[in-house]
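A quick write-up on the structure given underneath.
The values are calculated or read from the model by the stated rules, or taken from the named source; none is laboratory data. Keep in mind that what you see is a predicted model, and the values were worked out from it rather than measured. Glycine gets a Cβ as well: all are built from the backbone with ideal geometry, and neighbour counts include every protein chain shown.
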């Protein structure tokens, strides 16, 4: 049975009246029903969304009725907007909003490996907000996995081994998929040649430990021989494949997902063939992950 929390706020706030928090899975995810996101983004609404997110890690909304501008306003609750690193080099500004298509109409990915957004940056995104504009009738889900429960399920001896380790994050796979021009590719890989983050971080807002490695961008563990580094990363990233750490979301037009990019990884499921799929993404700047 999914847990349902009823919450009531004073009617004069308009944005917050009576809403439900429905837990989707045991370790992460909540669907929020009855919360109006189309009105003013008040301090009360901002505090509520932050509190819900740090608790549930990823929030889902249906039939939001919001547009690009309102999505961007909600994004600023969590931090200033940031443009994708490749798009920024091509002239896109941080505040620009550009819908992206996947699949046969693609100007983005068709499916993804498990990853947290932009961990190859010194200051990766704090929060990602994705809204569906066009959704395939079947397929095209996004799966999310908790770095908190992934860490907590590790054996104690593994926790002890990794508590002081760092790992290098690079965007090579992304770059080779999205950049065709050889000079642009070389310049990009030179600019983002690798940044070290702790293998285990402490979440800045809820104090919980998070396993902070991902299949998409984490390439090596600092100070370990290559074979040992690969084996350890294989063990750690496979934690995110475990069903008990995962929630899966089916997109519908108007659906919104807000996730804590510090504690959650996601995976775009490429099973929708020739159907069109269009989303709008807003991301909020974070700070440097710390132990």
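Things to note:
- Qualifying positions in the range 250-280 - touching a helix residue (DSSP H, G or I) at 6+ places or on another chain (Cβ under 7 Å), closer than 19 Å to residue 66 by Cβ and surrounded by fewer than 22 Cβ atoms within 10 Å (Cβ to Cβ): 280
- If the condition is being over 14 Å from residue 118 (Cα atoms) and over 17 Å from the mean Cα position of the chain (by Cα), then the range 210-226 contributes 220, 221, 222, 223, 224, 225, 226.
- Which listed residue is free of Cβ contacts under 8 Å to residues at least 24 places away in the same chain and surrounded by 15 or more Cβ atoms within 10 Å (Cβ to Cβ), from 36, 43, 47, 67: 36
- Residue match in the range 221-233 (condition: part of a strand (DSSP E or B), under 19 Å from residue 194 (Cβ atoms) and either in contact (Cβ under 8 Å) with a residue 24 or more places away in the chain or touching a helix residue (DSSP H, G or I) at 6+ places or on another chain (Cβ under 6 Å) (or both)): yes
- Residue check, residue 188 under 17 Å from residue 119 (Cβ atoms) and either modelled with pLDDT under 95 or out of contact with any strand residue (DSSP E or B) (no Cβ under 9 Å at 6 or more places or on another chain) (or both): yes
- Residue in the range 78-88 that is at pLDDT 95 or above, touching a helix residue (DSSP H, G or I) at 6+ places or on another chain (Cβ under 8 Å) and in a loop (DSSP other than H, G, I, E, B) present: yes
- A residue that is under 29 Å from residue 138 (Cβ atoms), within 15 Å of the chain's Cα centre (by Cα) and surrounded by fewer than 20 Cβ atoms within 10 Å (Cβ to Cβ) can be found somewhere in the range 240-249.
- Residues that are modelled with pLDDT of 95 or more and more than 19 Å from the chain's Cα centre (by Cα), drawn from the range 136-152: 152
- On the stretch given as the range 48-79, residues that are more than 20 Å from the chain's Cα centre (by Cα) and more than 19 Å from residue 255 (Cβ to Cβ) total 0.
- Looking only at the range 180-193, and only at residues there that are buried (at least 16 other Cβ atoms within 10 Å of the Cβ) and touching a residue at least 24 places away in the same chain (Cβ under 8 Å), the one that is nearest to residue 215 (Cα to Cα): 192
- Condition broken by residue 207, with the remaining ones in (1) out of contact with any helix residue (DSSP H, G or I) (no Cβ under 6 Å at 6 or more places or on another chain); (2) in contact (Cβ under 8 Å) with a residue 24 or more places away in the chain; (3) in a loop (DSSP other than H, G, I, E, B); (4) surrounded by fewer than 16 Cβ atoms within 10 Å (Cβ to Cβ) satisfied: (2)
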